[in-house]
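Following: one structure in structure tokens, then a few remarks.
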């Protein structure tokens, strides 16, 4: 396992050989310092997001999916704080000679609300939230909210901004976009609101779009349409999408790569086909066994994962999944934390079943 | 579907029969709250439930599935139609116009589990009090007997009785849902309306609760009406499925028939839209133009016709009846016999 030792030694090396990486997250720790104690929301997240691909982030509530996105966008609010780790963003730029190159920016080194981060957020990276009703401002029209983003990041006047807002709404399949820009969020249905939210996020054609459970609040037929729309947009403008969800059906339909998270760590990252047909981490396979597979014709009993997700205040010795794992090895899994291991091209896992590599930054 | 069509089914095997059920809500406006219209949340639902089965009730938000479930057990008073319940002692009784007192005798047979395990338990009551309440109200047990019964119920749903002096906030979502289930079981009901019982839970917890519901059904011979929008969960748990659209039932069939050979274009669109957890099976959804019709102002004829890709002239004029197109497969579509529709496998 030469590859293994290499990937662990060279922490900045990508698990995707030959892929153009747009965001590289290394050993990211985000903690929330609350009155109840320190909640370790992210406990050493490592992953790479390939450019122009859809990357799914799955896991149960409290596993740190949303905090990962908020950390990358530098939107973690007090009492939360990024305490450790690096987030590299490779911005595509044109040099003076007209050649394309990637400029590396370490987002953790920037001021969260500083000018550089604000010029990136909303323009080059944006986010769609789960609940469109609470994330759109109820006292401004849809048009105002999209125009605000456009005017903030692009040098255009009101008239031009409104034109663009109408064009974007039209692009996401909204009927009567000229009327919709004058409407308030409460006047729209759930699906239309989510389309408005997507328009807002796309208003400056971002390089990376974080979609945090964008269809969870929607009905199936509307969900299918929104997913179809996102897939189309992604293809047309070669956007990178980070798709956060707990729905394994949606992930299978949407994503190229998947990161499975458990208790603030990525336990497995692989191409979507491997996650479903060749999962390596016991948590990934347990998740797949616990859901009903529609259309499989099988009525067999679901196999739930025993126990519950521990609360983030507790500190678990060893692999965080070992108390719920059927394959846990005594004396190993309950003592040491497994490190990241490459098992295949583009497929990494953190589990002692696949290597005996320990996490380096253990014991803090 | 009228009752004459039920001749193939033995009436003794049925637990519930609902005919032309209607629930309209007035829209009130202005200072004197004058009624300016009605929302026809449930507008002519016909269905029957067999003893010991799970009937899935699906449809998109606002289609009236929750209202239908609640009206069936008289948590809401129906505007019209009949609800007949096969009481284990009294035989067939009509619920729709029953008075409070009479209803109180039937109620123990019909219970409900709610969607949100956080708002359906009183935060100021201990778990013991929550589960004991139905027993107290119906004067079934008291003192030590009550204690024992509550402890037994908690054990049945997989919770430790030692926790019964705690308050709901001390429990996780899955555990709270178990408490809600224990409460529903307290009176040995025949019928339980499960109103989105797992949609607020994480996938691994969802599997635990679904398995629990299946076990309880076997052990206590329960009949479920399982109201949900998650079609994967419904396929897993249901024997038969009813599909609702804007207050009406558009299709009713065994789960396999409905999922693999639907007879109504709306069911077809639903099946195509289910996200399948298999990256090797990606299919494009069927585009439904426009939005779900408003139950306050539904279109003429078949409510689905403005969005239906098979609609013809007759669809905007005549309301299709729910008819038996194949044995025990009911659909409300003018062309149910002619259309070749694709199921969940595409």
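The values are calculated or read from the model by the stated rules, or taken from the named source; none is laboratory data. If you're wondering where the values come from, they're calculated on a predicted model, not measured in any experiment. Virtual Cβ from ideal backbone geometry, glycine too; neighbours counted across all protein chains shown.
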The number of residues in region A:195-218 that are within 13 Å of chain B (Cβ to nearest Cβ) and outside any helix (DSSP H, G or I) is 6
Could you tell me whether residue A:322 is without any contact (Cβ under 8 Å) to a residue 24 or more places away in the chain, surrounded by 18 or more Cβ atoms within 10 Å (Cβ to Cβ), closer than 25 Å to residue A:290 by Cα and within 25 Å of the chain's Cα centre (by Cα)? yes
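Counting residues that are surrounded by fewer than 16 Cβ atoms within 10 Å (Cβ to Cβ) and more than 14 Å from chain A (Cβ to nearest Cβ), which helices (runs of 4 or more DSSP H) fully inside region B:45-155 reach at least 2?
B:100-106, B:127-137
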If you go through B:251, B:291, B:313, the only one that is more than 26 Å from residue A:289 (Cβ to Cβ), surrounded by fewer than 19 Cβ atoms within 10 Å (Cβ to Cβ) and away from every other protein chain (no Cβ under 14 Å) is B:313
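Can we say residue B:231 is surrounded by 24 or more Cβ atoms within 10 Å (Cβ to Cβ), in contact (Cβ under 8 Å) with a residue 12 or more places away in the chain and either facing chain A (nearest Cβ under 9 Å) or in contact with a strand residue (DSSP E or B) (Cβ under 6 Å, 6 or more places away or on another chain) (or both)?
Values: surrounded by 24 or more Cβ atoms within 10 Å (Cβ to Cβ): yes; in contact (Cβ under 8 Å) with a residue 12 or more places away in the chain: yes; either facing chain A (nearest Cβ under 9 Å) or in contact with a strand residue (DSSP E or B) (Cβ under 6 Å, 6 or more places away or on another chain) (or both): yes.
So residue B:231 fits the description; yes.
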Counted residues in region A:191-218 being at pLDDT below 85 and surrounded by fewer than 21 Cβ atoms within 10 Å (Cβ to Cβ) come to 2
Give me a count of the residues in region A:219-247 that are within 23 Å of residue B:232 (Cβ to Cβ), part of a loop (DSSP other than H, G, I, E, B) and at pLDDT 85 or above. 2
Tell me whether region A:24-45 contains one or more residues that are closer than 18 Å to residue A:105 by Cβ, in contact with a strand residue (DSSP E or B) (Cβ under 9 Å, 6 or more places away or on another chain), part of a loop (DSSP other than H, G, I, E, B) and at pLDDT below 95. no
Quick one: how many residues across region B:158-170 are within 14 Å of chain A (Cβ to nearest Cβ), in contact (Cβ under 8 Å) with a residue 40 or more places away in the chain and either part of a loop (DSSP other than H, G, I, E, B) or under 30 Å from residue B:64 (Cβ atoms) (or both)? 1
Can you go through A:313, A:283 and tell me which one is in contact with a strand residue (DSSP E or B) (Cβ under 6 Å, 6 or more places away or on another chain), surrounded by fewer than 21 Cβ atoms within 10 Å (Cβ to Cβ) and under 27 Å from residue A:31 (Cα atoms)? A:313
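Against the definition (part of a helix (DSSP H, G or I) and either under 17 Å from residue A:143 (Cα atoms) or in contact with a strand residue (DSSP E or B) (Cβ under 6 Å, 6 or more places away or on another chain) (or both)), how does residue A:183 come out, yes or no? Even if it seems obvious, please write down each step before you answer.
Values: part of a helix (DSSP H, G or I): no; either under 17 Å from residue A:143 (Cα atoms) or in contact with a strand residue (DSSP E or B) (Cβ under 6 Å, 6 or more places away or on another chain) (or both): yes.
Considered against the rule, which asks whether it is part of a helix (DSSP H, G or I) and either under 17 Å from residue A:143 (Cα atoms) or in contact with a strand residue (DSSP E or B) (Cβ under 6 Å, 6 or more places away or on another chain) (or both), residue A:183 comes out as no.
Matching residues to (1) within 14 Å of residue A:53 (Cα to Cα); (2) facing chain B (nearest Cβ under 9 Å); (3) part of a helix (DSSP H, G or I); (4) touching a helix residue (DSSP H, G or I) at 6+ places or on another chain (Cβ under 8 Å):
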| site | (1), (2), (3), (4) |
| --- | --- |
| A:261 | no, no, no, yes |
| A:267 | no, no, no, yes |
| A:270 | yes, no, no, no |
| A:284 | no, no, yes, yes |
Mind checking which residues of region B:186-215 are away from chain A (no Cβ under 14 Å), modelled with pLDDT of 95 or more and out of contact with any helix residue (DSSP H, G or I) (no Cβ under 6 Å at 6 or more places or on another chain)? B:191, B:194
Selection over region A:333-350 where residues are in contact (Cβ under 8 Å) with a residue 24 or more places away in the chain, more than 22 Å from the chain's Cα centre (by Cα) and part of a loop (DSSP other than H, G, I, E, B) yields a count of 2
